[in-house]
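The values are calculated or read from the model by the stated rules, or taken from the named source; none is laboratory data. Not measured: the values here are computed from a predicted model. Here the Cβ is made from the backbone with ideal geometry for all residues, glycine too, and neighbour counts use every protein chain on show. Accessible surface is based on the protein model in full, side chains and every heavy atom, while ligands, DNA and RNA are left aside. Shrake-Rupley method; radii C 1.70, N 1.55, O 1.52, S 1.80 Å.
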Amino acid sequence: MTPPAGDRDPAHTPVRVLLCDDHAVVRAGLLALLSSAPGIEVIGEAGDGEEAVALAAALRPDVVLMDLQLGSGIDGIEATRRIAGLPEREAEREVECDDGREVECDDGREVECDDGRDVEREAGRAGGRDDGRDAAGRGAAGRGAAGRGAPHVLVLTTYDTDADINRAIEAGATGYLLKAERPEELFSAIRAAAAGRSTLSAPVAHRVLAQMRSPRPGLTDRELDILGQLARGLSNREIARALFISEATVKTHLGRIYDKLGVDTRAGAVSVAKEQRLLP
């Protein structure tokens, strides 16, 4: 059994990876690729966001390799947010029974061995002693007390828009990699993510730096509402009626939307909004 992350010997214990992609062929390719990488072990596969969250909570992988577009249900961003927010799980340990069998249990619980004896795993619980022995005076084999935190999420996608990158990072992604990367880069990024280090593909890093140098203000909720109506092909008058505002207010908001998106036409605004995934 793979020991908890806090007790891992990095030189000998593989990085445990959960794959999440809605395309079975892509998952099969990643599985074959990662199986060839030393020190990396795929422990599960998910075809949608809900399944990824459930498996991440149950299996507690070191790294979740997450696509952004996952078909129906929650997308990769929301799945990342939920996985990054998983509560820390108490460390699991094992105790040795008289029959030589190791039994796994959670902190503070007792387990019954085949010999009918209850064994308290937690050090110091037996008879008030702090020598780590069980109630029968036999040594309890604890493997560490540190709890296990949430898995690290490494985004692996074809999308490199500012909106996607920002949303993923804000959701708690440890790294952001493009599927065009070489296998060696992917292996390195997985190992870095397992250690809590961030990795960005070169184009992604370039976009992040560009945003930092020349930040563009984001759209307000009202501007997003108007942009959504614009995408439906509504006129200014129709947008005003739908949102219960004046046409003049619509025109003012449209001007600000054009400035923020760097366009000067309605069609251009809708096109850029779709590219940056600002529209549902």
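Exactly one of (1) in contact (Cβ under 8 Å) with a residue 24 or more places away in the chain; (2) part of a helix (DSSP H, G or I) is unmet by residue 173. Its number? Here residue 173 meets the rest and fails (2). If we scan the range 147-156, do we find a residue that is at pLDDT below 90 and part of a strand (DSSP E or B)? Within the range 147-156, one or more residues are at pLDDT below 90 and part of a strand (DSSP E or B).
Could you grab me the full set of residues in the range 244-280 that are over 36 Å from the mean Cα position of the chain (by Cα) and in a helix (DSSP H, G or I)? Passing the criteria: 247, 248, 249, 250, 251, 252, 255. Set side by side, the residues 268, 255 differ, and just one is without any contact (Cβ under 8 Å) to a residue 12 or more places away in the chain and more than 23 Å from residue 160 (Cα to Cα), which is 255.
Within the range 218-243, the set of residues being closer than 20 Å to residue 275 by Cβ, without any contact (Cβ under 8 Å) to a residue 40 or more places away in the chain, open to solvent by 50 Å² or more (accessible area, probe 1.4 Å) and in a helix (DSSP H, G or I) comprises 225 only. A Cβ distance below 7 Å, combined with a sequence gap of six or more or placement on separate chains, defines the contacts here; from the range 72-91, residues that are at positive phi reach residues that are part of a loop (DSSP other than H, G, I, E, B) in the pairs 73/48. Of the residues that make up the range 62-71, is at least one surrounded by fewer than 20 Cβ atoms within 10 Å (Cβ to Cβ) and part of a loop (DSSP other than H, G, I, E, B)? Yes - at least one qualifying residue is present in the range 62-71. Output the residues belonging to the range 176-211 that are in a loop (DSSP other than H, G, I, E, B) and buried (at least 19 other Cβ atoms within 10 Å of the Cβ). 199, 201 - these are the residues of the range 176-211 that are in a loop (DSSP other than H, G, I, E, B) and buried (at least 19 other Cβ atoms within 10 Å of the Cβ). Only one of (1) within 23 Å of residue 53 (Cβ to Cβ); (2) open to solvent by 20 Å² or more (accessible area, probe 1.4 Å) fails for residue 156. Which number is that? Every condition holds for residue 156 apart from (2).
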